Amino acid sequence: MIGTITDKRINMDLDKVREIDSDVAYYIDEELERQQNTIELIASENFTSPAVMQACGSVLTNKYAEGKPHKRYYNGCEVIDKIEELAQKRACELFRMDHANVQPHSGAQANMAVFFALLKHGDSVLSMDLSNGGHLSHGSPVNFSGMYFNVTQYGVDENGCIDYDNVREMALQCKPKLIICGASNYSKIIDFKRFREIADEVGAILMADIAHIAGLIAGGVHPSPAGYAQIVTTTTHKTLRGPRGGIIMCDEEYAAAIDKAVFPGIQGGPLEHIIAGKAVALKEALQPSFKEYAAQIVKNAKAMAQGLLDNGLDIVGGMTENHLMTLDLRKTGKTGKDMANVLERVGITANKNTVPNDPQSPFVTSGIRLGAAAMTTRGFKEDDMREVARIIAEAIKNSDDEQILDELRQDSLKLCKKYPLY
Ligand code: DSN
């Protein structure tokens, strides 16, 4: 044993790990303690339920099941088939889509499968630029998507909003085969209808990557891409609060191509234990209580944003309309990299992020992305988020004052103790 961790409540079922490997058991306990005692504002993270975790830690990890339900390359898949079909059915019901492939190991894998299902090497794609809030797998030059396809990228205007007229102009010029909407750092409502109109005008297929806002869509607090996007990809672990993984949903006419691109195209054996976790999370998201959760995320994000603005900080695009926002630190003269470390010092976890037209490099940045989904799961309400905003503002203002930072660490710990995790 390397040390002593006091809080093992949720990790009680680690008894076998403790027996076999006390190092790993210790580190899992240590990570639980970190999660318990810090304010988690990484916009893409959440705390999944014990039910999801149990499904993911089950005997299903033992089974190979390459192929699709009832069309497998291995025998003994009759139970696995039922679980995978349940996950597919629930995904289709929740997001009102015809077909779901629940096998992608991640959102990036889901997106890769879509590229390979719909496009040929060198085909033209229109998507959002990473430094303006897009995603690596939407066509960044350092990702397969930018290396093998001809990608044109749109950004946001000075108000942090997508300029749909500009997207249309770009689409008319580059004549993409695929248009991608959806982002990893965009705080406004996405107009899926407008995107579809643009796609139809240029004969493109529309893909919506809803990884960040899936839980908000499921909870009815963000418009759905259903009926507009022919293809919808998502992760399952962000606002949707499931296990780490991906899902692709699509209109029936694309189902065969998507399935083939996932397997045998880019993946081997699906992670059926994680698929069971996805099924459980999707069931949770279909409950009425999930609507309350999603609505509270948005209320909490707005309360945090208002608190930050009231404390004199700038936010890209001003008030958020979803679960996240980006602090624009340019006028403070401080960087995202340094201030994310200062926030960690006071017990707040967040990530540095570029702001539109950032003068700093992507490694340094002038921004910090903040999200409300994880702390909403812990039970935080608007008053708590305003207190979080105060701690952030004080920490940034007094980033060189160790004594104030110590006091702020105590304030954030007090909030964490008020809402125990699990
Ligand atoms: N890493 C995810 C995020 O933080 O938004 C995107 O893949």
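Here r is the Cβ-Cβ distance between residue 175 and residue 85 and R0 is 45 Å; the resulting FRET efficiency, rounded to 0.05, is 0.70.
When you have a sec, figure out the Kirkwood radius of the stretch 50-95 from all distinct Cα pair distances and drop it here in Å to one decimal?
Values: mean 1/r = 0.0859 Å⁻¹.
Value: 11.6 Å, from the Cα pair sum.
Just to be sure I understand: with springs between alpha-carbon atoms less than 10 Å apart, which residue in 347, 312, 246 has the highest mean-square fluctuation in the Gaussian network model of the chain? Ranking 347, 312, 246 by mean-square fluctuation puts 312 first. Each Cα pair of the chain feeds into the Kirkwood radius, which the Stokes-Einstein equation turns, at 10 °C and 1.306 mPa s, into a diffusion coefficient of 71 µm²/s.
Placing a label point 7 Å from the Cα of residue 289 along the Cα-to-Cβ direction, the residues of the stretch 34-69 whose backbone N falls under 19 Å of that point are 46-56. Taking 69, 288, 223 as the candidate residues, the one with maximal mean-square fluctuation in a Gaussian network model of the chain, Cα springs under 10 Å, is 288. When the chain is treated as a GNM with alpha-carbon contacts under 10 Å, the residue of 364, 298, 114 showing the greatest mean-square fluctuation is 364.
Taking label positions 7 Å along the Cα-Cβ direction at both residue 163 and residue 70, the computed distance is 5.1 nm, reported to one decimal.
Within the chain, what percent of beta bridges assigned by DSSP are antiparallel, to the nearest 5?
55 percent
Convex hull volume per residue, computed on the Cα atoms of the stretch 144-194, equals 98 Å³. Cross-link check: pairs 63/418; 337/418; 193/291 evaluated at a Cα-Cα cut-off of 31 Å; pairs beyond the cut-off: 63/418.
Stretched out fully, how many nm does the piece from residue 414 to residue 37 gain, at 0.36 nm a residue minus the Cα gap?
Value of the extension gain: 134.8 nm.
Multiplying the residue separation of residue 150 and residue 398 by 0.36 nm and subtracting their alpha-carbon distance yields 84.7 nm. A full extension of the chain between residue 338 and residue 201 corresponds to an added length of 44.8 nm, given 0.36 nm per residue minus the alpha carbon distance.
Counting Lys and Arg as +1 and Asp and Glu as -1 over every other residue whose Cβ lies under 12 Å from the Cβ of residue 194, the net charge comes to -3. Computed over the stretch 287-349, the percent of Cα pairs more than 20 Å apart is 37. With both labels modelled 7 Å from their Cα along Cα-to-Cβ, the residue 191 to residue 361 distance reads 3.8 nm. Per residue, the convex hull spanned by the Cα atoms of the stretch 321-422 amounts to 101 cubic angstrom.
Any read-out appearing in this document is the output of simple, stated calculations on the displayed coordinates, not a laboratory observation. Given the structure is predicted, the values throughout are model-derived calculations rather than measurements. Every residue, glycine as well, gets a Cβ built from its backbone with ideal geometry; the counts of neighbours run over all protein chains shown.
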